[in-house]
Amino acid sequence: MEPFSVGLATPGDVEAIARLIASMGADALASPELGVDERIERLRGLIEAGRNVHFVAKASGEVVGELTLTLNDPGPASLGFSVRPEWRRRGIASALIKEAVVWARSHELHKLYANVFPENEAALALLENYGFREEGRLKAHVRRLSGEPRDVVALGRILA
């Protein structure tokens, strides 16, 4: 198994993060309508505004996983992550979550939350393993490109 490292993203990682997120496919994304260039600009703007913090997993210098914290001060930070399919089940998402929790605690965030599609059993199980608990289901919370509304499972983890 090829080794990987995890850490805070640099401005130079934004394009790779945006491409990785876009590669997950429209049905996996909360914002499927964004093109890669638009997603790159949105991520850069959110980072510059201090609204997003990104963590990356890299192998051989390539981004193979990412986790985004959207800071909603004074509210909880929203967490979302993606891992290249060929790199899944190698501990990357776990390492990203651990890194994000350490960062969140060190920055005195009180809570993290994630909205996960109910059929994404792997993400639900992983987040539960890291202390996230289901707080409810948001009905018709996300609208797909086709116009179909989808439910999400709301999970949270109190840090302080």
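The values are calculated or read from the model by the stated rules, or taken from the named source; none is laboratory data. Because the structure is a prediction, the values reported are computed rather than measured. Using ideal geometry, Cβ is built from the backbone for each residue, glycine included, and neighbour counts are taken over all protein chains shown. Protein only, heavy atoms only, side chains kept; ligands, DNA and RNA dropped before computing areas. Shrake-Rupley method; radii C 1.70, N 1.55, O 1.52, S 1.80 Å.
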- Note on the structure: Taking 0.36 nm per residue of separation between Asn72 and Arg137 and subtracting their Cα-Cα distance, the length gained on full extension comes to 21.4 nm
- Task: Take every Cα pair under 8 Å in the chain that's 6+ residues apart, average their separations, divide by the length, and report that relative contact order as a whole percent.
- Result: 20
- Which of the lysines could be linked to Lys139 by a straight reach, that is with a Cα gap under 16 Å, when you skip same-chain ones fewer than 8 residues away? none
- Query: If you place +1 on the Cβ of every Lys and Arg and -1 on the Cβ of every Asp and Glu, how big does the dipole about the Cα centre of the chain come out, in debye to the nearest 20?
  - Reply: 300
- Query: Toward the positive end of the charge dipole of the chain, about the Cα centre and with charges on Cβ (Lys, Arg +1; Asp, Glu -1), which of Phe132, Trp103, Asn115 goes farthest?
  - Reply: Phe132
- Task: Taking a cut-off of 20 Å between Cα atoms, list the lysines near Lys58, but don't count ones fewer than 8 places away on the same chain.
- Result: Lys98
- Among DSSP beta bridges whose residues both lie in the chain, state the antiparallel percentage, nearest 5. 95
- Query: Peptides 90-96, 80-86: what's the order by average Cβ count within 10 Å, highest mean first?
  - Reply: 90-96, 80-86
- Measure off, as a whole percent, the carbon and sulfur share of the 1.4 Å-probe accessible area of the chain, all protein chains present. 49
- Give the accessible surface of the chain per residue, rounded to a whole number of Å², with probe radius 1.4 Å and ligands, DNA and RNA excluded. 54
- Find the all-direction average of the projected area of the Cα convex hull for region 72-123, expressing the result in square nanometres with one decimal place. 4.1
- Message: Using a 7 Å offset from the Cα along the Cα-to-Cβ direction at both Lys111 and Asn129, what is the distance between the two label points in nm, to one decimal?
- Response: 2.5
